[in-house]
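J.: Structure incoming, see below.
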């Protein structure tokens, strides 16, 4: 190798660039990363400290388990809102899981290419619709239909199974059932899109391994595709769940906003975001602090779920083991 | 399943017999004018050759010559590629696997396949990987499954290495062990033919050796077709060799003849290392 050639390669880079270029880049990226982490931590800390007045007044567990929320007597307990949030979200997830998985499997494995991409666009459109639109649709289309069904169930129960009536609640359409249904429709695109992507990423070698053993199409899906894609499918499920937990507008429009326990299947209920949106305008003092403490609790639940999601994905995904 | 249907003696078999080969030679499969199209392009054209029962047949040739394409036509794997189309016949025990009414799923149960890269099912244990095919067939009895696991792993020369950890994940094995696990998985359903698509190309020399050593044992139980880009491997493990070039079968014959006295000058150019 001629030394002359070696020198000529370096001519275009100034010594300053060589000394600083990489460090500047790393430094800029590091600052931006820390900024994101910092915003999250500061937000959590500020919510906690703004809610600390309420948490101190009722005690952390007292606030969490208290079932009275009464601005007149200035007593605040978070339990109805926590319960309502968990019930609506988990109910929606239970309803949405299998349809979402079915859509994903169909779009990747069965649909012809044009239909598969049409489905993808439809899912993305559904995912990007503002939630107030879902709320409007829920209130004016879904609620009347739900009420009609609820009425017939209610009158049947009144005649044949009166012991069910306290469980069912009043068939007014607005309430838990409608909220769960609207939420389920809203989160299907999230769960389905992620499931679809992870199913599409299953290597051809895995499919062929199953086909080579004489598997039918459905057996290939069961033996090779779903086990391989389970990490991504579960990640989508948990993302959908966090989305449902925080959903505000669509839920507040159809849930009826009653914090009176016990909740019933048909009757009105409430969630943490509904409480915040309904009361933040007039709240002051201890009530405002209690709303912020509610926000802090939702922050903690979402954070814990995201950690759980990361852990499950790590445990369940097969990529790391290959 | 193993009953022999009457079969016309293919011209190449007559030639082989005339050349002084063993008289017990029976074709298990036979390709008759097999052509695979990808769209309008011919992947491999008009291939006719026998595949003899309980022998190892090697398919050799340079990259892109069509040997893998031909192999995948032998158990209807091209059905899974929408643009691929197969013409001609591939007989298994005298019956065309492309005949109308033949279920490709049945074909693949009788003609197993081992792939280029080891592809065990990553979420399953060693045991469950081996019985995956049997489970598809509805076998549930534990003693039957246990026996099949031991027999298949023995035949794949993996039993001694894994018999104490059958419940460990299949992915915990080394690359060479994983490939033998895949061979055991294919053998568990007792196929008549085992197609191997460059089964050692992703393995180190020692693992390669263990798979090659396996071949002479395997052919006692099953008819083997192996695609390899490694001519020495073909010479070491096979009884018959087919040489492919640019989508065409140039020469087929007993391995010793193809490697020592090739009839076609193109075969000679390839095996003497003039190209490829």
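J.: Per-residue ellipticity at 222 nm for chain B, helices alone: DSSP H runs ≥ 4 residues times -39500 (n - 2.57), over residue total, nearest 500 deg cm²/dmol? Before the final figure, lay out the partial values.
T.: Working: 11 runs with 102 residues, N = 276.
Result for chain B: -10500 deg cm²/dmol, rounded to the nearest 500.
J.: Taking square-rooted eigenvalues a ≥ b ≥ c of the alpha carbon gyration tensor, is the stretch B:29-125 rounded, prolate or oblate, where a/c under 1.5 means rounded and, failing that, a/b exceeding b/c means prolate? Kindly include the intermediate steps, with their values, before the conclusion.
T.: Values: a/c = 1.30, a/b = 1.20, b/c = 1.09.
Judged from the Cα gyration tensor, the stretch B:29-125 comes out rounded (a/c under 1.5).
J.: Calculate the mean, over all residues of peptide B:73-82, of how many other protein chain Cβ atoms lie within 10 angstrom of the residue's Cβ. It would help to have the intermediate numbers written out before the result.
T.: On the way: counts 0, 0, 3, 1, 3, 0, 1, 6, 1, 2.
Partner Cβ neighbours, averaged per residue: 2.
J.: In whole Å, how far is the Cα centre of the stretch A:267-288 from that of the stretch A:50-125?
T.: Going from one Cα centre to the other spans 17 Å.
J.: In what order do B:126, A:37 fall by count of nearby beta-carbon atoms within 10 Å, going from fewest to most? Present the calculation step by step, with values, prior to reporting the outcome.
T.: Numbers: B:126 27, A:37 9.
Sorted ascending by nearby Cβ count, the order is A:37, B:126.
J.: Tell me, what is the percent relative contact order of chain A, built from C-alpha pairs under 8 Å that lie six or more residues apart?
T.: Numbers: 408 pairs, mean separation 82.8, N = 322.
Dividing the mean separation by the residue count of chain A yields 26 percent.
J.: Using a ≥ b ≥ c from the Cα gyration tensor of the stretch B:141-200 (square roots of the eigenvalues), is it rounded, prolate or oblate, where a/c under 1.5 gives rounded and otherwise the larger of a/b and b/c decides, a/b for prolate? Kindly include the intermediate steps, with their values, before the conclusion.
T.: On the way: a/c = 2.10, a/b = 1.09, b/c = 1.94.
Taking the square roots of the gyration eigenvalues as a ≥ b ≥ c, the stretch B:141-200 is oblate.
J.: If a/c stays under 1.5 just call it rounded; otherwise compare a/b with b/c (prolate if a/b is bigger, oblate if not). Do that for the stretch B:63-209, with a ≥ b ≥ c from the square roots of the Cα gyration tensor eigenvalues.
T.: Values: a/c = 2.32, a/b = 1.43, b/c = 1.62.
It is oblate, given that a/c is not under 1.5 and a/b is not larger than b/c.
J.: Here's a follow-up. Using a 10 Å cut-off around each Cβ, can you sort B:224, B:139 from fewest to most neighbouring Cβ atoms?
T.: On the way: B:224 24, B:139 15.
Ordered by Cβ neighbours within 10 Å, fewest first: B:139, B:224.
J.: Continuing with the same structure: Out of B:236, B:110, B:55, any idea which swings most in a Gaussian network model of chain B, alpha carbons joined below 10 Å?
T.: B:236
J.: What number results when the radius of gyration of the stretch A:31-145, computed over Cα atoms, is divided by 2.2 N^0.38 Å?
T.: Values: Rg = 21.4 Å, N = 115, 2.2 N^0.38 = 13.4 Å.
After normalising by residue count via 2.2 N^0.38 Å, the value is 1.60.
J.: Another question, then. Among B:195, B:136, B:158, which one moves the most in a GNM of chain B with springs linking Cα atoms closer than 10 Å?
T.: Evaluated over chain B, the most mobile residue of the options is B:136.
J.: Among B:49, B:231, A:249, B:261, what is the fewest-to-most ranking by other Cβ atoms within 10 Å?
T.: Numbers: B:49 22, B:231 19, A:249 16, B:261 10.
In increasing order of surrounding Cβ atoms, one gets B:261, A:249, B:231, B:49.
J.: Can you tell me the Rg and the Dmax, both Å, for the Cα atoms in the protein assembly as shown?
T.: Using the Cα atoms of the protein assembly as shown, the pair Rg, Dmax is 33.2, 108 Å.
J.: In whole angstrom, note down how far apart the Cα centers of the stretch B:256-276 and the stretch A:14-43 are.
T.: Cα centres, the stretch B:256-276 to the stretch A:14-43: 62 Å.
J.: How high is the FRET efficiency from residue B:147 to residue B:167, r the C-beta distance, R0 25 Å, rounded to 0.05?
T.: Values: r = 17 Å, r/R0 = 0.69.
E(calc), rounded to 0.05, equals 0.90.
J.: Now a separate question. Go ahead and set up a Gaussian network model of chain A, Cα springs under 10 Å, then flag whichever of A:205, A:250, A:104 fluctuates most.
T.: Result for chain A, Cα springs under 10 Å: A:205 fluctuates most.
J.: Of the DSSP beta bridges with both residues in the stretch B:185-276, give the percent that are antiparallel, rounding to the nearest 5.
T.: Details: 6 of 11 bridges.
Looking only at bridges with both residues in the stretch B:185-276, the antiparallel portion is about 55 percent.
Read-outs: derived from the displayed coordinates by stated rules, not from any lab. Only a predicted model underlies this, so the values are computations on that prediction, with no experimental measurement involved. Cβ coordinates were reconstructed from backbone atoms using ideal geometry, including for glycine residues, and neighbour counts include every protein chain displayed.
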